[in-house]
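The values are calculated or read from the model by the stated rules, or taken from the named source; none is laboratory data. None of these values were measured; they are calculated from a predicted model. So basically every Cβ, Gly included, is an ideal-geometry build from the backbone, and we count neighbours across all protein chains shown.
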Amino acid sequence: MPDDMKPKTKPGLATRLSHAGRAGTHAHGFVNPAVHRGSTVLYPDVATRQAAGDKRLDQYMIYGTMGGPTHYALEDVIAEIEGGTRCQLVGTGLAAVTTPLLAYLKSGDHCLMPDSVYGPARGFATGLMAGCGIETGFYDPCIDAAGLEALMQPNTKVVYVESPGSHTFEVQDVPALSRVAHAHGAKVLMDNTWGFHHFQPFEHGVDVSIQALTKYAVGHSDVLLGSIVTNSDEDWERVRTTSLALGMYASPDDCWLALRGLRTMAVRMERQMKSALEVAAWLQARPEVAQVLHPGLPGAPGHDIWKRDFTGACSLFGLVLQPGFSQEAAHAMTNSLQLFGIGASWGGYESLALPTTGFISRTAGTGHLVGQTIRLHIGLESPADLMADLEQGLAVLRSNSLTPHT
């Protein structure tokens, strides 16, 4: 079938990821697009250069920092995944957080963030943003529409959401919160890294979707990259202009690696989702575990909203140990694991374990759990092997506890 013939129905995600952002199945040449590196862009004459400058909102090469063919290919695929119209790439996930915040906030403005927000995002709000005269209020991530309404101020310009939270996994009612924000003229910015294609942000009232492509898009724990997706020309111009003014840039080599990672992302995410749910259900039945924080698990906090708004889950979740176990015991358990690395980030092919008790900042009185917490990321290893590793880890936990658990 010629590449210019569109199918009558929209292909599935795996199909779109296999074909988007490349020349096509009937184009002569290599399967993958080339890496285009460069700073200077040459023009045949001054008039052509001037015409290119007048098309600043189009994918038109002017200078290296404004992007090139490799950037454009990846931006198109990311926008397609999230259901938006335009995407701006930046060098890190944190840059994807900070750039739109600076695009929509100025001195004298007010921002609302969930108390469960990604730590560096909180640090940016209480540090650089505060220094610029921008006030940030932190709210209970499980707040309802009436609760958010009470927090809105005349100068509230941004309502930031992150659902689920990346440590304690609170699921937010994004559609309800978006309606309140828009009624007050505020923009809704969402860190959608956990949801990626499982949550369609623009169908639920979000204006700007933030992704750490470092996670699932790359998939191999070897590239730092971020994206900002919008669904209107107005929002795109605002984000794009701010990004260029800040000198944000993503390496074309990193973009190419992300494109390569995306080809297998649907398969990896499906496998990792199933494995994570299997491990989470196994942990839920363990006597050492008080609670499993996985929104996709029936009975877990936030499951009802997750079931309503999400089409799937990712491989990151938390477990809460019974209150009799000490922090030292939880650390001993983590240290004993052989198949789980101890490290931040997630979304790669390898499993990770990270104690979180004592490492999370909260100022709105949320995040109180009965025992020590450990965040787990489930990779592509066999679930049986991971559960066997956790089994011996739980034995170490028990041996380091003064309170017997049966």
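Scan the stretch 147-180 residue by residue and report those that are in contact (Cβ under 8 Å) with a residue 60 or more places away in the chain, among the hydrophobic types (A, V, I, L, M, F, W, C) and in contact with a strand residue (DSSP E or B) (Cβ under 6 Å, 6 or more places away or on another chain).
Listed by number, the residues that qualify are 169, 174.
Looking at 316, 297, which is the one that is without any contact (Cβ under 8 Å) to a residue 60 or more places away in the chain and touching a His at 6+ places or on another chain (Cβ under 8 Å)?
297
Is at least one residue of the stretch 50-60 modelled with pLDDT under 95, touching a helix residue (DSSP H, G or I) at 6+ places or on another chain (Cβ under 7 Å), among the hydrophobic types (A, V, I, L, M, F, W, C) and outside the structural domain of residue 311 (by TED's automatic domain parsing)?
yes
Looking at (1) in contact with a Gly (Cβ under 7 Å, 6 or more places away or on another chain); (2) surrounded by 17 or more Cβ atoms within 10 Å (Cβ to Cβ), which one does residue 262 not meet, given that it meets all the others?
So the condition that residue 262 fails would be (1).
Considering the stretch 226-238 alone, what residues qualify as being surrounded by fewer than 24 Cβ atoms within 10 Å (Cβ to Cβ) and in contact (Cβ under 8 Å) with a residue 24 or more places away in the chain?
Scanning the stretch 226-238 gives 231, 232, 233, 235, 236, 237, 238.
Could you please let me know if residue 352 is outside any helix (DSSP H, G or I) and touching a Gly at 6+ places or on another chain (Cβ under 7 Å)?
Criteria met by residue 352.
Taking the stretch 192-220 on its own, how many of its residues are on the phi > 0 side of the Ramachandran plot and in contact with a strand residue (DSSP E or B) (Cβ under 9 Å, 6 or more places away or on another chain)?
2
Quick one: count up the residues across the stretch 304-336 that are part of a helix (DSSP H, G or I) and touching a strand residue (DSSP E or B) at 6+ places or on another chain (Cβ under 9 Å).
Of the residues in that region, 6 qualify.
Of the residues that make up the stretch 234-241, is at least one under 26 Å from residue 309 (Cβ atoms) and of a type in the set (Val, Ile, Thr)?
yes
Just name the residue that is nearest to residue 172 (Cα to Cα) out of those in the stretch 372-393 that are buried (at least 20 other Cβ atoms within 10 Å of the Cβ) and more than 20 Å from the chain's Cα centre (by Cα).
Checked the stretch 372-393; the qualifying residue nearest to residue 172 (Cα to Cα) is 373.
Please specify each residue of the stretch 340-354 satisfying the condition of being surrounded by fewer than 18 Cβ atoms within 10 Å (Cβ to Cβ) and either in contact with a helix residue (DSSP H, G or I) (Cβ under 8 Å, 6 or more places away or on another chain) or at pLDDT below 95 (or both).
342, 343, 344, 345, 349 - these are the residues of the stretch 340-354 that are surrounded by fewer than 18 Cβ atoms within 10 Å (Cβ to Cβ) and either in contact with a helix residue (DSSP H, G or I) (Cβ under 8 Å, 6 or more places away or on another chain) or at pLDDT below 95 (or both).
Using the structure shown, decide if residue 223 is closer than 15 Å to residue 95 by Cα, touching an Asp or Glu at 6+ places or on another chain (Cβ under 7 Å), in contact (Cβ under 8 Å) with a residue 12 or more places away in the chain and assigned to a loop (DSSP other than H, G, I, E, B).
Against the criterion (closer than 15 Å to residue 95 by Cα, touching an Asp or Glu at 6+ places or on another chain (Cβ under 7 Å), in contact (Cβ under 8 Å) with a residue 12 or more places away in the chain and assigned to a loop (DSSP other than H, G, I, E, B)), residue 223 qualifies.
Restricting attention to the stretch 60-88, report how many residues are outside any loop (DSSP other than H, G, I, E, B), out of contact with any Gly (no Cβ under 7 Å at 6 or more places or on another chain) and of a type outside the set (Val, Ile, Thr).
Adding up the residues that qualify gives 12.
Can we say residue 129 is more than 15 Å from the chain's Cα centre (by Cα), surrounded by 19 or more Cβ atoms within 10 Å (Cβ to Cβ), in a strand (DSSP E or B) and modelled with pLDDT of 95 or more?
No, not satisfied.
Cβ-Cβ distance below 9 Å, separation of 6 or more or different chains: which pairs start in the stretch 131-144 with a residue that is touching a residue at least 40 places away in the same chain (Cβ under 8 Å) and end on one that is surrounded by fewer than 19 Cβ atoms within 10 Å (Cβ to Cβ) and basic (Lys, Arg)?
Short answer, once both residue conditions are applied: 138/362.
Of all residues in the stretch 143-197, how many are outside any helix (DSSP H, G or I) and buried (at least 17 other Cβ atoms within 10 Å of the Cβ)?
30
Given the conditions (1) of a type in the set (S, T, N, Q); (2) part of a helix (DSSP H, G or I); (3) surrounded by 23 or more Cβ atoms within 10 Å (Cβ to Cβ), report the number of the one that residue 214 does not fulfil.
Condition (2) is where residue 214 drops out.
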